[in-house]
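Below is one structure, written out as structure tokens, with a few remarks after it.
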Amino acid sequence: MEISLPVWHRVWHFAWPAIVSNISVPLLGLVDSAVLGHLPSPEYLGGVAIAATLFSMVFWAFGFLRMGTTGLVAQAKGRGDRDACRKWLLQSVAFAAAIGVLLILFSSPIFSVVLPFFDASAVVARQADIYFSTRIFSAPAVLINYALIGWLIGMQKPKGPLFILVLGNVVNIVLDLWFVLGLGWATQGAALATVIADYLALAGGLYIVNRTLQETGGEFSWAMLMDAVGLRRLVLLNRHLFVRTLCLLFVQSFFTAQGARLGDDILAANALLLNLMVLISNGLDGFAHAAEALTGEAIGRKDRKLFAQVIRVTGWCSLICGGLFCLILGVGGHALLGLLTDIPEVVDQASVYLPWLVVMPLIAVWCFWLDGVFIGAVRTDMMQHTMLAATVLVFLPLWFVFKGLGNQGLWLAYTLFMGARGVGLIWVFRRFSARDRWFADRQELV
């Protein structure tokens, strides 16, 4: 099939802002660590690291607010239904705000339950408490921004999320330096900088969304917010994505915990490799975002030709990008590890397991790409089922079988888990295509 240039251009129009904005997120964590690492005591860095990890887990668990919104909006846009686009925005923002407020109300028990798992000293735990009790007030802003970003991707405004994330990250870095190093506010300053940055990013996001709404026209109504059918559909989709994300969080946490049991050097080496894995996944997600928006549009328009073109273009782009990551890691992986730490023992240990990371992009690219396709198609149930199967039937049994191999066995199980996610989604994709189910009306979600 010949691919028209507009599809290639539209895919890259989505991909590059998403790649830049996604990669900026983990880089912010490196800046936070560098700022706190210059304080006189390591307790500040340790406390903030624990609390920041907790926030990453909590906020990541609610990432469905972004993904669930994108597919619904993309299909509504494809149908030309501007009222539905406004409805999904209103309901997603209200849902996100409600969850954010609940997180604030239940912040104390959440922190009390989770902190013991980190086995932190009293002084480190105190700094973690200071950071957590301040930063938790940014929860509504963070979660509402998830909904806004998902809506903007669905509306095919990829530069909007880039603006939101870069604004928040730049403000956070500047305030970090001022509050922590300039004013000497230490942990409290780092947390306050993030809270202010998150709300300024929210203001920027609302500005971009408002401009987009003015372009599309239409008006909000109370009936949009209270539409019970729409709310049910939104909750059901988000439930599937929530379960899927919990499985992924479980695998990541289990991987880290098992590495910790193998010794401090192994734990540190795995942490370095997983940091690089985050950068890889964020880069590959750029084409997944393109797949979300454009497949959703094609299905909304019931345009089978556009759907086939989008699948082919995003698939090839993802594969090429995965191959480039393999090449970069294969040639310069050891040098990259040296940039992340100057501890020779940790670099040497990580280099032993680096080959797993070198092959990972070509193994994981399929699940990243097809996640985007299934989000655009609003088939989040299939994402949930394949993730559960990969976790329960592949990762855990293979870890048990190969745990005698130590960290090599752990990486083998994790690599095959990523591969199983891709194989499962490919199998479902082929069945749906053979039965022409992508464009079928789904009464269970209506």
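Worth a mention:
- Some residue of the range 76-90 being small (G, A, S), at pLDDT below 85, open to solvent by 20 Å² or more (accessible area, probe 1.4 Å) and over 22 Å from the mean Cα position of the chain (by Cα): no
- Looking only at residues of the range 107-143 that are polar (S, T, N, Q) and either in contact with a Leu (Cβ under 6 Å, 6 or more places away or on another chain) or crowded, with 17+ Cβ neighbours inside 10 Å (or both), we find that the one that is nearest to F64 (Cα to Cα) is S138.
- Looking at I164, I104, I173, just one residue is open to solvent by less than 10 Å² (accessible area, probe 1.4 Å) and at negative phi, and that residue is I164.
- L175 part of a helix (DSSP H, G or I), of a type in the set (A, V, I, L, M, F, W, C) and in contact (Cβ under 8 Å) with a residue 40 or more places away in the chain: no
- Of all the listed residues (T70, T53), the sole one being open to solvent by 40 Å² or more (accessible area, probe 1.4 Å), part of a helix (DSSP H, G or I) and polar (S, T, N, Q) is T53.
Per-residue answers, yes or no, for (1) part of a helix (DSSP H, G or I); (2) open to solvent by less than 10 Å² (accessible area, probe 1.4 Å):
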| site | (1), (2) |
| --- | --- |
| W399 | yes, no |
| K403 | yes, no |
| W411 | yes, yes |
| G422 | yes, yes |
| I426 | yes, no |
| R437 | no, no |
| A440 | no, no |
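- Selection status of G406, of a type outside the set (A, V, I, L, M, F, W, C), out of contact with any Pro (no Cβ under 7 Å at 6 or more places or on another chain) and closer than 22 Å to T70 by Cβ: no
- Some residue of the range 185-193 being surrounded by fewer than 20 Cβ atoms within 10 Å (Cβ to Cβ) and either free of Cβ contacts under 8 Å to residues at least 40 places away in the same chain or farther than 30 Å from A293 by Cα (or both): yes
- Of the helices (runs of 4 or more DSSP H) entirely within the range 96-171, those holding at least 1 residues that are over 16 Å from the mean Cα position of the chain (by Cα) and of a type in the set (F, W, Y) occupy 107-114, 122-135.
- Single condition L152 does not satisfy, out of (1) modelled with pLDDT of 85 or more; (2) open to solvent by 10 Å² or more (accessible area, probe 1.4 Å): (2)
- The set of residues from the range 207-231 being under 18 Å from A98 (Cβ atoms), more than 26 Å from the chain's Cα centre (by Cα) and surrounded by 11 or more Cβ atoms within 10 Å (Cβ to Cβ) comprises F220, M224, L225, M226, D227.
- Of the residues screened, L336 is not one that is more than 23 Å from I280 (Cβ to Cβ), open to solvent by 50 Å² or more (accessible area, probe 1.4 Å) and in contact with a helix residue (DSSP H, G or I) (Cβ under 8 Å, 6 or more places away or on another chain).
- Residues in the range 234-264 that are surrounded by 19 or more Cβ atoms within 10 Å (Cβ to Cβ) and either among the hydroxyl-bearing types (S, T, Y) or over 22 Å from the mean Cα position of the chain (by Cα) (or both): T245, Q258, G259.
- Test for V180: is it at pLDDT 90 or above and surrounded by 23 or more Cβ atoms within 10 Å (Cβ to Cβ): no
- L425, sole failed condition from (1) more than 20 Å from A257 (Cα to Cα); (2) hydrophobic (A, V, I, L, M, F, W, C); (3) over 21 Å from the mean Cα position of the chain (by Cα): (3)
- Every pair of residues 6+ apart whose Cβ atoms lie under 6 Å, when the first sits in the range 298-320 and is at positive phi while the second is open to solvent by 10 Å² or more (accessible area, probe 1.4 Å): K302/F439
- Taking (1) open to solvent by 20 Å² or more (accessible area, probe 1.4 Å); (2) over 30 Å from K77 (Cβ atoms) in turn, W369 satisfies each apart from (2).
- On the stretch given as the range 403-423, residues that are more than 15 Å from W356 (Cα to Cα) and among the aromatic types (F, W, Y) total 0.
- Within the range 349-368, residues that are touching a residue at least 60 places away in the same chain (Cβ under 8 Å) and hydroxyl-bearing (S, T, Y) have Cβ atoms under 9 Å from residues that are open to solvent by 10 Å² or more (accessible area, probe 1.4 Å) and assigned to a helix (DSSP H, G or I) in these pairs: Y353/I266; Y353/Q408, counting only partners at least 6 apart in sequence or on another chain.
- All conditions but one from (1) at pLDDT 75 or above; (2) within 19 Å of L165 (Cβ to Cβ); (3) surrounded by fewer than 21 Cβ atoms within 10 Å (Cβ to Cβ) apply to H9; the one that does not is (2).
The values are calculated or read from the model by the stated rules, or taken from the named source; none is laboratory data. Source: prediction; values computed, not measured. For neighbour counting, all protein chains shown are included, and Cβ atoms are generated from backbone atoms with ideal geometry for every residue, glycine included. Each accessible area value is taken on the protein alone, full model and side chains, heavy atoms only, with ligands, DNA and RNA left out. Shrake-Rupley method; radii C 1.70, N 1.55, O 1.52, S 1.80 Å.
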